[in-house]
Amino acid sequence: MKNLLTIAFTLISFMGLYSQNQNPLSWQASYKSISKTEGEIIITATIEKGWHTYSQRPTDAGPIPTSFKFTPSKEYKLVGKTEESNAHEEYVKAFEAKIYVFNNKAEFKQKIKITGKGPATINFKVEYMCCNDAMCLPPKTLDLSVNTQ
């Protein structure tokens, strides 16, 4: 009986660790100066093999599209919308629909105009969802920031 309890406890512990550590996307943000008053925020998601995340394009099929919310500031102004590259349309079995997805890597760019006198820290949130062929993880919201120096 003791051995059975030990095995059960060990399995439950490993399952808990697995579910807590499952994060198949890692995000990074950087800043590229275009001129003294203009720049570009480059946001990159590295996606583990077998997983994908979704484009910003809205869909009625079900997944949460990737979205960005920049904290307003007197130090900068957004120029246009956040652009994305390398999304491709594919049939996603979980949603039984063709959806624009990213595999391996997703890249987004947001142009800004510097309106303050000095370097600024730009804070923003990214909301995203990721899935593989067997399951989808709940949507996540991540805080990121870049400095314009």
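Points worth noting:
- For region 86-126, alpha-carbon Rg over 2.2 N^0.38 Å: 1.88
- Environment charge at Lys111 (Cβ cut-off 11 Å; Lys +1, Arg +1, Asp -1, Glu -1): +2
- Lys, Arg +1 and Asp, Glu -1 on Cβ, resulting dipole of the chain about Cα centre, debye, nearest 20: 540
- Fewest-first sequence of Ser35, Ser30, Ser67 by Cβ atoms within 10 Å of each Cβ: Ser35, Ser30, Ser67
- A cut-off under 13 angstrom between Cβ atoms defines the neighbours of Gly39, and their net charge, with Lys, Arg +1 and Asp, Glu -1, is +3.
- The region of the chain that goes longest without hitting one of the trypsin sites (Lys or Arg not before Pro) in a DSSP loop, each with at most 16 other Cβ atoms within 10 Å, is 1-35.
- Long pairs among Lys93/Lys125; Lys74/Lys113; Lys81/Lys117; Lys81/Lys113; Lys69/Lys111; Lys49/Lys81, criterion Cα-Cα beyond 18 Å: Lys93/Lys125; Lys81/Lys117; Lys49/Lys81
- Sparse-neighbour loop sites [GluC sites (Glu not before Pro); region 84-149; at most 10 other C-beta within 10 Å; DSSP]: Glu96
- Counting 0.36 nm for each residue step from Lys117 to Thr141 and taking away their Cα separation leaves a gain of 5.6 nm.
- Normalising the average separation of contacting C-alpha pairs (under 8 angstrom, six or more residues apart) by the number of residues puts the relative contact order of region 21-144 at 31 percent.
- Proximal charge balance of Ile99 [Cβ under 12 Å; K/R count +1, D/E count -1]: -1
- Residues Phe124, Phe70, Phe102 arranged by fewest to most Cβ contacts within 10 Å: Phe70, Phe124, Phe102
- Relative contact order %, region 79-149, counting alpha carbon pairs below 8 Å whose residues are six or more apart: 27
- The reciprocal of the average 1/r between distinct C-alpha atoms defines the Kirkwood hydrodynamic radius, which for region 24-147 equals 15.3 Å.
- Cβ-to-Cβ counts within 10 Å put Leu137, Leu25 in ascending order as Leu137, Leu25, the fewest first.
Just so you know, all these numbers are worked out from the coordinates, no wet-lab data involved. Bear in mind that the values here come from a model prediction, so they are computed numbers and not experimental data. All Cβ positions, glycine included, derive from the backbone under ideal geometry; neighbour counts span all protein chains shown.
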